[in-house]
Amino acid sequence: MNGSISPGKIERKPSGHHPLEPALQEAALLFQQSRLDAARRLYRTILQTSPENFDALHYLGLIGLRLGKSKEAADLLRRALRRRPSSAMACNSLGLALQGLAQYAEAMTWYEKALAIEPRYANAHYNLGKLLKGLKRHEDAVESYEKALALKPDLVQAYLGLAGTLVELWRDDEAIAQYNKALAIHPDPSGRSSVLCLLNYRAQETPETLFAAHRAWAELHAPAIASLDLRFARTADPDRRLRVGYLSPDFRNHPAADFVAPVLEAHDRHQFEVVCYSDVARPDRYTKRLMTKVDRWVTIYGKDDADVAERIRSDGIDILVEAAGHFADNRLMVFAAKPAPVQVGRWLGYPNTTGLAAIDYRITDAVLDPEGADRFYSEELIRLPYSFCWRTRFEAGPVQSPPVKRTGYITFGSFNKLNKMTPEVIKLWARLLGTVPSSRLFLVASALVNPSVGERVARLFADAGVGRDRLVLMPTVTSPDHLALYHQVDIALDPFPYNGNTTSCEALWMGVPVVTLSGDRHASRVGVRLLTLIGLPELIAETEDAYVAIAAALAGDVERLEALRAGMRERLGTSHVCDIEAMTRAVETAYRGAWRRWCEKSKRSFLATSAESGSQQHRSG
């Protein structure tokens, strides 16, 4: 069962001097000790004697949940409830099973039944909150999580669920406060990773403070390098075929696939064997396509970090590539165990260091991380000529003329997460709208599914002097339909200090020029790198004044807008951004160089050990 959903503490009440009581007590103890197979066998034996025994049916249902067998669990729990319909815990457990089967409406009904029976059932409030969050009823989810915490102030999952929901509501500071409450109770690495992700959005953070926070994460959660077994049964041959493992939760319909999948497919199979460790809960057609393009596919979803690390070690992976950073569903604790001789942070994704000494290298370039940036990384930086390639996974319609030609006014746009729209960004975008008369700002973001978020966006722009009539606010639409929304945008505005990446690539692919502001960290130089690669450095601003001036000048030159739009897809498609072959060869060169350094170090270590051993034998002789 997913650890983020919970039936609450399981307690059974002994039924007196019943002949089955000793067996029921023994089975309950096995369940509490997580000896699930033994508990299941004993409960099944009990059912042979007493087919409708409530405890046996309920616990077997819970075991089914723990093992991810939601259908089996639901059937058992329905039988248990026919026996005892007044059990709030069984109602809650059935809700969990139905939620696992994506039967959300019925799951909600059973959570509500559990709460009607026992209004102070904290875990049922929590599970209802999790369901509401998944249904994007975020305000209702907040209410459920808060009820759970009022009843059970040490319910860590509820703090984490509440924090994640507040992020969806564009309430990042409140989210960080809730994450910190959870961490005060249980210092979980994934919760602290969530805080690190949010820190990347904040303008008040500096490269120094961000680095310190990431190193603190590693000091708290990762074992010291000196405590790890760094002996590997590998042939230290610098030129042999290498086995490269990629570990990711994003081998699916996810923006990361646009950047990584092309390289996986283009690897030179004579030099590299490609193994994917997939942490995908629900494989889709993109997953299935990629499975056919690599040498080996290993599904690790639901497996413990220690088991995954041992599998990677036993598979003989030479180079293990990290693909999520501190983003959700990361497996940094696998990398912390150092299961491969060489470990590499990939060239795109999380815009900061992992903080882990066990990850040896990070692939980047001199634009993203110029000279002097090395001090902000625990990894050694390998700078490629350019560390970026992209291929859209969607079919896109033809580029259309700038919308200003039919509307008569300029439409600026951003399809980035609202978390990137900091107070500083709002202030600058409002200033730009004031500079360009009659212009509009078109914002598309998942958070805008919540009416309260749209109201707050409008209020903040109103405070900055921009009326609601100049804003177009829309929730994210299903991919790839979102690409057609770029037909309504004349100029895309890059947020800061956390630039867009996929959004900027897609805007350019649809013909829309992007204006960016160069900053002092990796996250705020992604736009610089992209516009440099496609030969549009004139759209890069070094100051906020220049940002407004560049965007306003472009808005005032419809002919230039039309020319840029007409040639933008070809410009992008023929640039280094889409040169997958060149990017793959550069990555392979980086891997080979890292491997050779390991071979040299391994040989030196072997010689030193041999010399020390010989010296000891000589002394003892």
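Read the figures in this text as sums done on the coordinates, not as results from a lab. Because the structure is a prediction, the values reported are computed rather than measured. Counting neighbours? That spans all protein chains shown, and the Cβs are built from the backbone with ideal geometry, glycine included.
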Let me have the 222 nm mean residue ellipticity of the chain computed from DSSP H runs of 4+ only, each contributing -39500 (n - 2.57), with the sum over all residues rounded to the nearest 500. -15500 deg cm²/dmol
Are there any trypsin sites (Lys or Arg not before Pro) in the stretch 87-135 that are in a DSSP loop and have at most 15 other Cβ atoms within 10 Å? List them by number. Arg120
What residue among Phe272, Tyr159, Ala124 has its Cα farthest toward the positive end of the dipole of the chain, where the charges are +1 on Lys, Arg and -1 on Asp, Glu, each on the Cβ? Ala124
Between Gln271 and Ala116, what is the spin-label point distance in nm, taking each point 7 Å from the Cα along the Cα→C-beta axis? 6.7 nm
Roughly how compact is the stretch 21-221, stated as its Cα Rg over 2.2 N^0.38 Å to two decimals? 1.21
Given a Förster radius of 60 Å and the C-beta distance between Asp237 and Val472 as r, what FRET efficiency does 1/(1 + (r/R0)^6) yield to the nearest 0.05? 0.50
Residue separation between Lys136 and Gln33 times 0.36 nm, minus their alpha-carbon distance, gives in nm 33.5 nm
Provide the FRET efficiency to the nearest 0.05 for the Ile185-Asp374 pair, computing r from the beta carbons and using R0 = 60 Å. 0.95
Once Arg393 and Asp304 are pulled to full extension, the length gained, defined as 0.36 nm per residue separation minus their Cα-Cα distance, is 28.9 nm
Please give the FRET efficiency for Arg296 paired with Lys601, using the beta carbon to beta carbon distance and R0 = 25 Å, rounded to the nearest 0.05. 0.40
Candidate cut points under chymotrypsin sites (Phe, Trp or Tyr not before Pro) in the stretch 370-442, DSSP loop plus at most 16 other Cβ atoms within 10 Å of their own Cβ, are Phe394, Tyr409
Give the cross-link partners of Lys427 among the lysines, using a straight C-alpha distance below 25 Å as the criterion and excluding same-chain residues fewer than 8 apart. Lys417
Could you tell me the center-to-center distance, by alpha carbons, between the stretch 78-106 and the stretch 174-249 in angstrom? 38 Å
The stretch 539-594-the stretch 356-379 distance, computed between alpha-carbon centres (Å): 23 Å
What full-extension length gain, to one decimal in nm, is calculated for Ser314 and Ile580 as 0.36 nm per residue of separation minus the Cα-Cα distance? 92.6 nm
Interchain or sequence-distant (5+) residues whose placed amide H lies within less than 5 Å of the amide H of Arg362 are Gly345, Glu380, Leu381, Ile382
In the structure displayed, which of Lys181/Lys420; Lys133/Lys293; Lys152/Lys288; Lys420/Lys601; Lys71/Lys136; Lys130/Lys338 lie more than 31 Å apart, Cα to Cα? Lys133/Lys293; Lys152/Lys288; Lys420/Lys601; Lys130/Lys338
So what are the ³J(HN,Hα) numbers for the stretch 187-202, from phi and the Karplus equation (6.51, -1.76, 1.60; θ = phi - 60°), rounded to whole Hz, Gly and Pro as x? x, 7, x, 5, x, 5, 4, 4, 5, 4, 4, 5, 4, 5, 7, 8
